[in-house]
Each structure stands twice: as structure tokens, then as C-alpha cells.
Amino acid sequence: MIDIEPLLLTAKLAFITTIVLLVIGIPVAHWFSFTRFRFKPALEAIITLPLVLPPTVLGFYLLLAFSPENAVGKFLHHYFNIRLVFTFGGLVVASVIYSLPFMVNPILAGLKGLPRSLQEASITLGKSGFITLIKILLPNIRVSILTGVIMTFAHCTGEFGVVLMVGGSIPKETRVASVALFEQVQNMNYHTANIYAAILIFFSFSVLLAVYLLNDKFRKTHIL
């Protein structure tokens, strides 16, 4: 029998991260889609950086930033009594940063694919920017939003480098499934490691299959 706690902790981390990024990702994607700004390409590159940056690199710098010995960690600990290193809260913050492009990019692609006339017509009719976003734009990119949600949740379940660097392996606190798998391999418990790996593979495949089926259904509906 395997320890189910890392799987439950992974699901909890992925769920919280996805909800936070959904709240953050929509306004960020909307701003990038409809705002002209000189340094926008640089900001887009920063947001997308986790897609190509080795997770251990990002995890290392987040570990330094969150450490109580450095500016950010010291400020949070001194004024708010918040400690992010080796805590579940730290994992959430790190996961939000690392998974940001998985939420923003699909939503941004969906918004860029909409005709500009939709927003212009809404504004012309006296609707505010917020109402236009909620009532007009978002309903037309439901598949993009759902894709972002699914991909973000799936990505969080497979995180390793970032969560290991920031959270370590504390049972019931930061020991997620990917870390538990790594430890089982280190201890040469290949049977248990295989169970963890099989669960993660099955979940990842199911998520990708769901995304492709949704996109295929949307294309067929759009054509019809």
C-alpha cells in the first residue's frame, strides 16, 4: 500500500493554485490582449519564462527570496509573521509563479482570436470595460479558459523541482506526489515508485485527452 497523503496534498495544492491563477490570469491576459505598452514584450517574456526555465533554477531563486535571511522573506516574517520556506503556503506561491503561463497563455490566445468588433461594439453601446469582459468576451472563450484551468491543474500535479527546492519533503505539509516518487526511487522501493508514477501518468494522459477532445468538439461546433 502506498501513502495516499502525498496524492491528497498534491490535489489540494493544484486546486488552490488553479483557483488563484484563474483570478489572476483573466485580468492579466485581458491587459496583454488589449493594451499597447512599450515594454509589453518584455513582460510577456517574463511571464512565459517558466515554460523554458529549468524548475530548479526558479526554485533556487524563490528559495533565496523567501528565506527569512533575505529581504522579501525577512519583510514577510517580521511584519506579517509569514514564513514561506518549507511550508504549504510557500508551495502555493511558488506554484502560482511557476504555473502562471499555463493559465495566461490559453486565455490570451482566446482573447486575441476574438474579433475586435466585439469589444468595440460593447463599448459603443455604453458598457464598461469590466461588463464587456464578463458578459461579452469571456463567454466567447470558454474553451480557452477551461483549457487553461485543466492545463494549470495538471501542471501543478507534476511539479517537482520548484516544490522540492521551496518546500522540501515534510510529511503532510510539503511532501507532494512527485517528491514522494523521487524518495521511493532513492530508497530503491521501485514497486511503490511505480504506483506513484502510474497514477501520475494516468492523470496526465486523462487531462491531455480531455483538452484535445474539448478543442476538437469546439472546432466541429464552430465549423457547423
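Every number in this text was worked out from the coordinates using simple rules, so none of it is lab data. No experiment lies behind these values; they were computed from the predicted model shown. Here the Cβ is made from the backbone with ideal geometry for all residues, glycine too, and neighbour counts use every protein chain on show.
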> Based on the alpha carbon coordinates of segment 108-158, what radius of gyration and maximum Cα-Cα distance (Dmax) apply, in Å?
Replying inline: 13.5, 45
> For segment 5-223, what are the per-bin percents of Cα-Cα distances with bins 10 Å wide, up to the bin holding the maximum?
Replying inline: 8, 28, 32, 21, 10, 2, 0
>> If I require 27 Å or longer along the helix axis, counting alpha carbons, and a Kyte-Doolittle average no lower than 0.0, what helices from the chain are left? Use full DSSP H segments.
In response: 5-34, 88-112, 190-223
>> Kirkwood Rh and Cα-based Rg: tell me the resulting Rg over Rh for segment 1-133, rounded to two decimals.
In response: 1.07
> When all C-alpha to C-alpha distances in segment 103-224 are sorted into bins of 10 Å, what percent of pairs does each bin hold, rounded to whole numbers?
Replying inline: 12, 29, 24, 18, 12, 4, 1
>> Quick check on the exposure proxy: order 108, 53, 7, 209 from fewest to most C-beta atoms within 10 angstrom.
In response: 209, 53, 7, 108
>> Run the helix sum for the chain: -39,500 (n - 2.57) per DSSP H stretch of 4+ residues, divided by residue count, reported at 222 nm to the nearest 500 deg cm²/dmol.
In response: -24000 deg cm²/dmol
> Comparing 147, 48, 174, which has the greatest mean-square fluctuation in the GNM of the chain with Cα pairs linked when under 10 Å apart?
Replying inline: 48
> Between 124, 17, 157, which gets the highest mean-square fluctuation from a Gaussian network model of the chain, Cα cutoff 10 Å?
Replying inline: 124
> Which of 129, 25, 148 moves the most in a Gaussian network model of the chain with Cα springs under 10 Å?
Replying inline: 129
> What do the square roots of 5 times the Cα gyration tensor eigenvalues come to for segment 137-188, in whole Å, largest first, as semi-axes of the equivalent ellipsoid?
Replying inline: 32, 11, 8
> Given a cut-off of under 8 Å on Cα pairs at least six residues apart, what relative contact order in percent is computed for segment 5-223?
Replying inline: 29
> Length gain on complete extension for the stretch residue 51 to residue 36, per 0.36 nm per residue less the alpha carbon to alpha carbon distance?
Replying inline: 3.0 nm
> Looking at the chain, which longest stretch skips every one of the trypsin sites (Lys or Arg not before Pro) that is in a DSSP loop with at most 16 other Cβ atoms within 10 Å, leaving the sites themselves out?
Replying inline: 173-224
> What span do the alpha-carbon atoms of segment 1-59 cover on each of the three principal axes, reported in whole Å from largest to smallest?
Replying inline: 55, 26, 12
>> At R0 = 45 Å, how high is the FRET efficiency between residue 212 and residue 82 if r is their beta carbon distance? Nearest 0.05 is fine.
In response: 0.65
